[in-house]
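Okay, so here's the structure we're looking at.
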Amino acid sequence: MSAKAITSLLFTVALVYTLNRSWDFGKPIPPLGKFLDPFHGFWRNAESKDLKSSEEIISGLKDEVSIVYDSTLIPHIYAKNEEDLFFAQGYITAKYRLWQMEFQTHAAAGRISEIIGPAALDFDRGQRRLGMAYAAQNSVEEMEKDSIIKMVANRYSDGVNAYIKSLDYEKLPLEYKLLNYWPEQWTPLKSGLLLKYMAKTLNIQDKDFEMTNALKLFGKETLNLLYPDNEHVGDPIVDNPNGWNFKPVSLDKVAHALPKDFVQINQLEKSSTDIGSNNWAVSGIKTASGSPILCNDPHLELNLPSIWYIIHLSAPGFNSMGASLPGAPTVISGFNDSIAWGETNAQRDLVDWFKIEFKGKTKKDEYLSDGVWKPTKKVIEKFTAKGKEDTFDTVIYTHHGPVTYDESYHGDNEKNHYAFRWIAHDPSKELLAFYLLNKGKNHRDYMKALDHYTSPAQNFVFACVNGDIAMRIQGKYPVRRANEGRFVLDGTKTSDEWQAFIPSEQNITYKNPARGFVSSANQYPVDDTYPYYVTATNFEAYRNRRINQLLSEWKSITPQDMMKLQADNYNLKAAESLPGWLKMLDSAKLNNDEKIAFEKLRSWDFNNSITSEGASYYEAWLRTIYPMIWDEIFDSRVSLPEPTSYTTIKLIKEKPDLSFFDIKSTAEKETAVDIVRKSFSEGVKAIEKWRQEKKTNPEWAEFKDSYIQHLARLAPLSYHVKHGGNGSIVNAHSKRNGPSWRMVASLEKQGVKAWGVYPGGQSGNPGSPYYNNMIDVWSADHYFNLHFNSSTEQMNPFAMSSSTLKPEVK
């Protein structure tokens, strides 16, 4: 053999070896030979826009299931029994969203490092130490006690697994090929993990550590000035003065001992303040049709694949449609032929941290409780990070919950130990609540369904074809004494623990109010006559007032009016603050750039529209004024909470000589006027710097620079979008968060009509035209008609393709 032939052979062998193994150069690289294979690699993930009708033989079905896809790839599933219905839901959802389902449940379980390597180990340890799997397991065990939900969860899992069984490398979703791993079997525990992942997103917010530090630094009077439980702005969600006809649970009046020490531990993470939602229902007395209209748009982090998957589920006795969570059965926000429902986050504080005293600081075998040493439970967590030897972590559990911080994990070298008490750790069966909502026919069914719902606490809006509308703020809430839950608690005394829970029938609710609508936008939940203490990390101050103002004024409301309201860009925060700030400026001392900015702001209509430059100047001003006022907080050696924008703006107006307006780094004594002027100049400089870098005018959509990010943060599979709105605006679209699902449902007796859209697409496959086909429609504030028909024949005019799932004949 010649030298050239030998060289060629060696090169070929080396190339085959190189392309058929994974490599890690800081980031894992898949086996490129498999990935680039033209017959089985990523090329095979490309899909045509026109789908062919098909038949599939599937083991596990009892009877034939028909599926009709409309032009947006929404599946309308028609089954002959509920067991097959949920099997088909699992199968079809996995067909289009399998990788997303598994990636999110791996994240919840603290197993991402198995996929992407050691870089995720710290995140994984945090998830395990929060007790995410512990919470999911408790929930699943509780759900399995109910025969209906056990069937629903198991049949959904069977359907997912039937799809996984059908896969080969060619049909494997793209991300599995990119990250070089294979899907594992689905179980009800994974559905439980997904629901707890949502609970973590929505109801794990707390500022107990920061509030403890603020109390020590500022004292109680200043604390209440900067961080009031209730800012008393606008309407509460339920305004029902003295309408509470029940005897509340009463506890002793002994106040909790206030903590003595600073807590020099930074939070593992802070949830975005832009996570929230809007929902409302308008009575027929205010609509053009005489029928109620219900609207919902949950505001969450915007990712691809989308958080939601639209689906229509139909079987004898079951006919619902709307947004489902990929990985969990039933519809979460949607409608059926009688009722509609939707959720916003209730914001309530459902997290507490208890300081634990261990007997011996190293072994932590026992902890003190009412003078008695109790045994701890030690859970050894194993981490199998990709490309690394297994590592282990020991998590200590007390009766409160897991001890998240210690010397080995984010303890900042402090030997403080806190047990994490979270309502989502408790046994729950939220799936039963959604199952019953999906089948509900009236207000009584809605109330009965929500009796089974505990976490995450939500504001459930309701409307019915019979004309009823309602709101219920549902969750499992501890009965709290005044100030309980604002600070870290003493874990050595059971008197500091949760003593009782508010009975479900005493949760905040009302039906058919005289004003003709119900609404929620994460504001304070109830009027001052409600007998229970309510606290939270924050309550919303602007969106809710804008919504209620317009709903109060409007008459003969149409679904199109509701769509316009969901897309409303009016900036109430700016309208209430900007005129006063402009009056504080000394126009004679403004330079040329500042004069231009002044005129842009003076002539601005307070709408954060796509092309608005005034919106950009105002936002730049806000970003500058906030840290300038609260420099004592931002520069503190301990973690402190940040006052809300509403409180900040109110203090500028009402207490201009407050000591916080004095900038620490200067020798001068500043007031609110000085801060407003200095921050204006700095904000204008920021805009001019941005203009020079971007070489374009600061139109709002460009300045905001919103994008929808791939779940694994793969830049080529993410999208920048031009859209209006902002966090405190009804159209609550900020840089990374926004309306993740928009639904408008008209509850007409002749037949429910509904419209919906979200920023993504039904397919999770980046090679599919249905991966991002809804983004432009959503960005333009338009909607798709949600075809809701009771049979395949009625769906035929709207059908793009159909599929039949047939049981395997043995």
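The values are calculated or read from the model by the stated rules, or taken from the named source; none is laboratory data. Just so you know, these numbers come straight off a predicted model, no measurement behind them. Positions of Cβ are generated from backbone atoms using ideal geometry, with glycine treated the same way; all protein chains shown enter the neighbour counts. Protein only, heavy atoms only, side chains kept; ligands, DNA and RNA dropped before computing areas. Shrake-Rupley method; radii C 1.70, N 1.55, O 1.52, S 1.80 Å.
Semi-axes of the equivalent ellipsoid of the range 574-614 are 19, 14, 5 Å, computed as sqrt(5λ) over the eigenvalues of the C-alpha gyration tensor in descending order.
Heavy-atom accessible surface of Val372, to the nearest 10 Å², is about 80 Å², with a 1.4 Å probe and all protein chains retained.
With only alpha-carbon pairs counted, each pair once and no self-pairs, how large is the Kirkwood hydrodynamic radius of the range 664-810 in angstroms? Working shown, then result.
Numbers: mean 1/r = 0.0501 Å⁻¹.
Taking every pair of different Cα atoms in the range 664-810, averaging 1/r and inverting gives 20.0 Å.
Taking every alpha-carbon pair in the range 354-474 and binning the separations at 10 Å intervals from zero gives 11, 28, 19, 19, 16, 6, 0 percent. Ranked from largest, the principal axis spans of the Cα set of the range 272-381 equal 70, 32, 31 Å.
Just name one of Ile649, Ile663, Ser639: the one whose Cα is farthest towards the positive end of the charge dipole of the range 635-674 (beta-carbon charges, Lys/Arg +1, Asp/Glu -1). Selected residue: Ser639.
With the whole protein complex present, Met628 retains an accessible surface near 40 Å², based on a 1.4 Å probe. Helices in the chain, meaning DSSP H runs of at least 4 residues, each add -39500 (n - 2.57). Divided by all residues, the mean residue ellipticity at 222 nm is -10000 deg cm²/dmol.
Rg and Dmax of the range 525-635, both derived from C-alpha coordinates alone, stand at 18.3, 56 Å.
Taking every C-alpha pair closer than 8 Å and separated by at least 6 residues, the mean separation divided by the residue count of the chain gives a relative contact order of 20 percent. For the chain, the solvent-accessible area works out to 40 Å² per residue, with a probe of 1.4 Å and every protein chain left in place.
Tell me the net charge near Ser802. Cut-off is 15 Å between Cβ atoms, Ser802 excluded, with +1 for each Lys or Arg and -1 for each Asp or Glu. Net charge in that neighbourhood comes out at -3. Prolate is the label for the range 575-707, because the ratio a/c of its alpha-carbon gyration tensor axes (a ≥ b ≥ c) is 1.5 or higher and a/b is greater than b/c. Surface composition of the range 312-396: carbon plus sulfur atoms contribute 52% of the solvent-accessible area (1.4 Å probe, protein chains only, all chains present). Using C-alpha pairs below 8 Å separated by at least 6 residues, the relative contact order for the range 627-734 is 15 percent. Using the Cβ atoms and a cut-off under 15 Å, what net charge is assigned to the surroundings of Phe218, where Lys and Arg are +1 and Asp and Glu are -1? Here the charged neighbours net out to 0. On the basis of the beta-carbon distance and an R0 of 25 Å, Glu56 and Trp182 show a calculated FRET efficiency of 0.70.
Could you tell me whether the range 42-110 comes out rounded, prolate or oblate from its Cα gyration tensor? Rule is a ≥ b ≥ c as square roots of the eigenvalues, rounded for a/c under 1.5, then prolate if a/b exceeds b/c, otherwise oblate.
Working: a/c = 2.01, a/b = 1.15, b/c = 1.74.
Taking the square roots of the gyration eigenvalues as a ≥ b ≥ c, the range 42-110 is oblate.
For Trp690, the accessible surface of its heavy atoms amounts to roughly 30 Å² (probe 1.4 Å, protein chains only, rounded to the nearest 10). Heavy-atom accessible area with a 1.4 Å probe sorts Leu223, Leu582, largest first, into Leu582, Leu223.
A simple count of charges around Ala574, restricted to other residues whose Cβ falls under 11 Å of its Cβ and scoring Lys, Arg +1 and Asp, Glu -1, yields -2. With the biggest extent put first, the Cα atoms of the chain measure 84, 73, 68 Å across the principal axes.
When you work out D = kT/(6 pi eta Rh) for the range 497-545 at 10 °C and 1.306 mPa s, using the Kirkwood radius from C-alpha pairs as Rh and the Stokes-Einstein form, the result is 120 µm²/s.
Placing unit charges on the Cβ atoms only, positive for Lys and Arg and negative for Asp and Glu, gives the range 174-254 a dipole magnitude near 340 debye about its Cα centre.
Highest average first, the peptides 224-233, 90-99 ordered by how many other beta carbon atoms sit within 10 Å of their residues are 90-99, 224-233.
Along the axis of the charge dipole computed for the chain (Cβ charges of +1 for Lys and Arg, -1 for Asp and Glu, origin at the Cα centre), the listed residues Thr330, Thr404, Ser54 are led at the positive end by Ser54.
Dividing the convex hull volume of the alpha carbon atoms of the range 593-647 by its residue count, what do you get in Å³ per residue?
On the way: hull volume 6.0 nm³, N = 55.
Spread over its residues, the Cα hull of the range 593-647 gives 109 Å³ apiece.
Summarising the amide proton neighbourhood of Val721: residues at separation of 5 or more, or on other chains, whose placed amide H is nearer than 5 Å comprise Ser706, Tyr707, Ile708.
With bins 5 Å wide beginning at 0, the percent of Cα pairs of the range 317-377 falling in each bin runs 4, 13, 14, 10, 8, 6, 6, 8, 10, 10, 9, 3, 0. Using Cβ point charges alone (K and R +1, D and E -1), the dipole size of the chain about the Cα centre works out to roughly 540 debye.
What does the extension gain come out to for Tyr707 and Asn224, with contour length at 0.36 nm per residue minus their alpha carbon separation? Kindly include the intermediate steps, with their values, before the conclusion.
Values: separation 483, 0.36 × 483 = 173.88 nm, distance 3.71 nm.
Roughly 170.2 nm would be gained on extension.
Taking all protein chains together, Val379, Val518 sort by accessible area into Val379, Val518, largest first [probe 1.4 Å]. Between the listed residues Trp700, Ser147, Thr384, the Cα displaced farthest toward the positive end of the dipole of the chain, a dipole computed from Cβ unit charges relative to the Cα centre, is found at Thr384.
Evaluating 6.51 cos²θ - 1.76 cosθ + 1.60 at θ = phi - 60° for every residue in the range 644-661, the Karplus couplings come out as 5, 4, 4, 5, 4, 5, 5, 5, 4, 6, 9, 9, x, 9, 4, 4, 5, 7 Hz, glycine and proline recorded as x. In vacuo Debye scattering of the range 451-490, one point per C-alpha: log10 I(q)/I(0) at q = 0.15, 0.17, 0.24, 0.31 Å⁻¹? With one equal scatterer per Cα and no solvent, log10 I(q)/I(0) is -0.55, -0.64, -0.88, -1.02. I need the Debye-formula profile for the range 487-576: one equal scatterer per C-alpha, no solvent, reported as log10 I(q)/I(0) at q = 0.18, 0.23 1/Å, two decimals. Values, matching the q order: -1.01, -1.33. Of the solvent-accessible surface of the range 554-678, computed with a 1.4 Å probe and all protein chains present, 50% belongs to carbon and sulfur.
Across the range 622-636, rounded Karplus estimates of 3J(HN,Hα) from the backbone phi angles (6.51 cos²θ - 1.76 cosθ + 1.60, θ = phi - 60°) give 4, 5, 8, 5, 5, x, 5, 6, 9, 4, 4, 7, 5, 9, 5 Hz, Gly and Pro being marked x.
The largest accessible area among Tyr617, Tyr707 belongs to the first residue in Tyr707, Tyr617, and the rest follow in falling order (1.4 Å probe, all chains). Within the accessible area of the range 418-490, the carbon and sulfur atoms contribute 52%, probe 1.4 Å, all protein chains present.
Could you tell me the relative contact order of the range 351-404? Use alpha-carbon pairs under 8 Å, at least six residues apart, and round to a whole percent. Can you show the working numbers first?
On the way: 70 pairs, mean separation 12.4, N = 54.
Relative contact order here is 23 percent.
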